[in-house]
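The values are calculated or read from the model by the stated rules, or taken from the named source; none is laboratory data. Keep in mind the model is a prediction, meaning the values are calculated, not measured. Quick reminder, even Gly has a Cβ in these numbers, built from the backbone with ideal geometry, and neighbours come from all protein chains shown. With ligands, DNA and RNA removed, areas are computed over all heavy atoms of the protein, side chains included. Shrake-Rupley method; radii C 1.70, N 1.55, O 1.52, S 1.80 Å.
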Amino acid sequence: MHTVYSRINNVSAMLSTCVMVLLAAVSLSTFVFTADPKGDLSVSSIQVFPGNARRYANKNQDFAFVNFNLTADLTPLFNWNTKQLFLYVSAEYENKRGVKNEVVIWDRIVRRKEDAQLSVAGRNKYAFRELSASFKNARPAHYTLKYNVMPYVGALTYGEAARTTEPVPFPERQELS
């Protein structure tokens, strides 16, 4: 006859196997739910000012301030396995030395499907600076709204919801008075 401990061991092994199979099914089922959210991103203005970096107080750099308008419907990304969305607007450009840069200028976390209808008129949340000191002779930048779907169980998925139609050039530096 089996002891109480061996019976508890058998039951707990069976339950953990069932839970693992269920979690694997949940993880695989999210690949069935594919969504292609669409949005609109436009840059209303860009201003470039000189400034000093915090880390290097005597090094002058250009700082760009970007005002943008963003509308997007991200509700198709939510299903029963979606925990939250991480959204970010990035600027992709090539500096005068030919180095490609991608800078995150704004982000937001969306936790509920009701909050996934975006209509934002904002400006960059994070410092947008050129490490080579100047945006002069830098190629125009493309601005993109990207997302990261974080599920309860399974793999993270990434995508792009909106992009500026044309690259936006950097204006001339404005001196502070």
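Key figures for this structure:
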| read-out | value |
| --- | --- |
| Filter result (open to solvent by 80 Å² or more (accessible area, probe 1.4 Å) and either in contact with a Ser or Thr (Cβ under 8 Å, 6 or more places away or on another chain) or basic (Lys, Arg) (or both)) within region 130-145 | 136, 139 |
| Filter result for residue 86 (open to solvent by 40 Å² or more (accessible area, probe 1.4 Å), hydrophobic (A, V, I, L, M, F, W, C) and touching a residue at least 60 places away in the same chain (Cβ under 8 Å)) | yes |
| Residue match in region 105-114 (condition: part of a helix (DSSP H, G or I), charged (D, E, K, R) and open to solvent by 70 Å² or more (accessible area, probe 1.4 Å)) | yes |
| Residue 95, sole failed condition from (1) open to solvent by 30 Å² or more (accessible area, probe 1.4 Å); (2) out of contact with any helix residue (DSSP H, G or I) (no Cβ under 6 Å at 6 or more places or on another chain) | (1) |
| Which listed residue, of 148, 124, is closer than 30 Å to residue 25 by Cα, open to solvent by less than 30 Å² (accessible area, probe 1.4 Å) and touching a residue at least 12 places away in the same chain (Cβ under 8 Å) | 148 |
| Among (1) within 23 Å of residue 155 (Cβ to Cβ); (2) modelled with pLDDT under 90, the one test that residue 128 misses | (1) |
| Count of region 120-177 residues which are among the charged types (D, E, K, R) and either in a loop (DSSP other than H, G, I, E, B) or over 20 Å from the mean Cα position of the chain (by Cα) (or both) | 8 |
